[in-house]
Amino acid sequence: MAASTPSASSPPAAPSPTRVTYRTLVLRGLAPDEAANLTAFLCGIPVTEHHWKLHEVNRLLFIRALARSGRYGRLDGAPH
């Protein structure tokens, strides 16, 4: 009986919740910019005249998570 060896490749990452929400909205007939704005709104991001893109929503949520955990400070990202 041959011994099984672990695969060198890792399992694919699960899609982010924002991507799932966005994709579902697009599949239901919303335009991509409408779906991105609604996804932002559902994540608690203010939607004004700025039209969000999904990658912008994800970046903002990432920065918020870093700030909440204390790993992103007041001076991080500031010009030197």
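Quick note: the coordinates plus some simple rules give every number you see, no bench work behind them. Small disclaimer: the values here were computed from a predicted structure and weren't measured.
One chain, two ends: residue 71 and residue 10. Fully extended at 0.36 nm per residue, the span grows by 19.2 nm beyond their Cα-Cα distance.
Contact order, relative form, for segment 22-69: 30 percent (alpha carbon pairs under 8 Å, 6 or more residues apart, mean separation divided by residue count).
Applying 0.36 nm per residue to the separation of residue 45 and residue 30 and subtracting their alpha-carbon distance, the gain on full extension is 3.5 nm.
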